[in-house]
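Written out below as C-alpha cells is the structure these notes cover.
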Amino acid sequence: MSKTVGVLGLQGAYAKHSKMLDQLGIKNLIVRYPDEIEKCDGLVIPGGESSTMSILIDQMDLRKPLQRFKKPILATCAGVILLSENKSSAKVKPLHKLPLLCERNAYGRQIESFMTTIEIQNEHQNFPAIFIRGPKISQIKSNKVEVLAQLDNSPVLVKYKNIMAATFHPELSNNTRIHEIFINLI
Ligand code: GLN
C-alpha cells in the first residue's frame, strides 16, 4: 500500500511542501483535523509563525494527536520551535518531542532573510538553505540528536530518531534531497 505523508496545513509554507512531495511522486494530504493526522505515515510541520500555529493546534484539538504521533516527522523552521523543548510561553506552547532548545528569530527579521549553501553529512552535494526569521538551536539535550549540518558552528539540520528538523526552508529551494531523506525514514 502506498504511504501517505501529511502536511500540517494550519498556517505557513505548507503548500510548498505538498508541491515538493508531489514532485517526488509521494501521496500527500494537507492535514487540519485530529483523525487526518492519525491516518498519516509521516508528517511535515512547516515553517510559518510558531505562535499562530501553536494557538491553532489547540483550537483544532491537535495537541494530543501530535504528541501521540510516533511516525517520522520533518519539521522546518517554525516547525522546529513547535517540536522543541522550549519553555511554554504566552505565545508558543511547544510539543516537547525534540530534545533541544532554540531561540526564535535568531537570524534577524524578514528583511535579513538569506540563502547559503550548507554541507549535509554523508551527502555529496551542498544544499541551498533559505533562512527566513529562522530559529537558532541553542542547546541539544540528548546525545541521540545527530547534527547533519551546521552553519557558523550552529546546528541547522538535525535528526533525532525518526524526526528530522531544519531551521531553514528546504521546500523553497528546488532541491528535493532533504524531503527524499525524510521519505526514506517512512
Ligand atoms: N520566526 C518564526 C517563528 O518564530 C519562524 C519563521 C519561519 O518559520 N520562517 O515562528
The range 163-174, residues that are within 22 Å of Lys136 (Cβ to Cβ) and either surrounded by fewer than 19 Cβ atoms within 10 Å (Cβ to Cβ) or not β-branched (Val, Ile, Thr) (or both): Met164, Ala165, Ala166, Phe168, His169, Pro170, Glu171, Leu172, Ser173
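Could you please give the count of residues in the range 84-104 that are of a type in the set (Gly, Ala, Ser) and in contact (Cβ under 8 Å) with a residue 12 or more places away in the chain?
Matching residues across the range 84-104 total 1.
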Members of the range 106-160 that are of a type in the set (Lys, Arg), surrounded by 13 or more Cβ atoms within 10 Å (Cβ to Cβ) and in contact with a Phe, Trp or Tyr (Cβ under 8 Å, 6 or more places away or on another chain): Arg133, Lys136
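Ser138: more than 17 Å from the chain's Cα centre (by Cα) and among the small types (Gly, Ala, Ser), yes or no?
Working: more than 17 Å from the chain's Cα centre (by Cα): no; among the small types (Gly, Ala, Ser): yes.
When the stated conditions are applied, Ser138 does not pass them.
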Among the residues listed as Lys27, Lys91, Lys64, the single one being exposed (fewer than 14 other Cβ atoms within 10 Å of the Cβ), over 19 Å from His169 (Cβ atoms) and within 16 Å of the ligand (Cβ to nearest atom): Lys91
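Can you list the helices (runs of 4 or more DSSP H) lying wholly within the range 4-83 that have 3 or more residues being in contact (Cβ under 8 Å) with a residue 60 or more places away in the chain and within 18 Å of Ile178 (Cβ to Cβ)? Lay out the reasoning, then the answer.
Numbers: elements: 14-23, 34-38, 50-59, 63-68, 78-83.
Fully inside the range 4-83 and qualifying: 14-23, 78-83.
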Some residue of the range 128-141 being without any contact (Cβ under 8 Å) to a residue 40 or more places away in the chain and under 24 Å from Lys71 (Cβ atoms): no
Failed item, numbered, when Thr76 is tested on (1) surrounded by fewer than 15 Cβ atoms within 10 Å (Cβ to Cβ); (2) under 21 Å from Asn174 (Cα atoms); (3) of a type outside the set (Phe, Trp, Tyr): (1)
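Read the figures in this text as sums done on the coordinates, not as results from a lab. Worth saying up front: this structure is predicted, and the values here are computed from it rather than measured. Neighbour counts run over all protein chains shown; Cβ positions are idealised from the backbone, glycine included.
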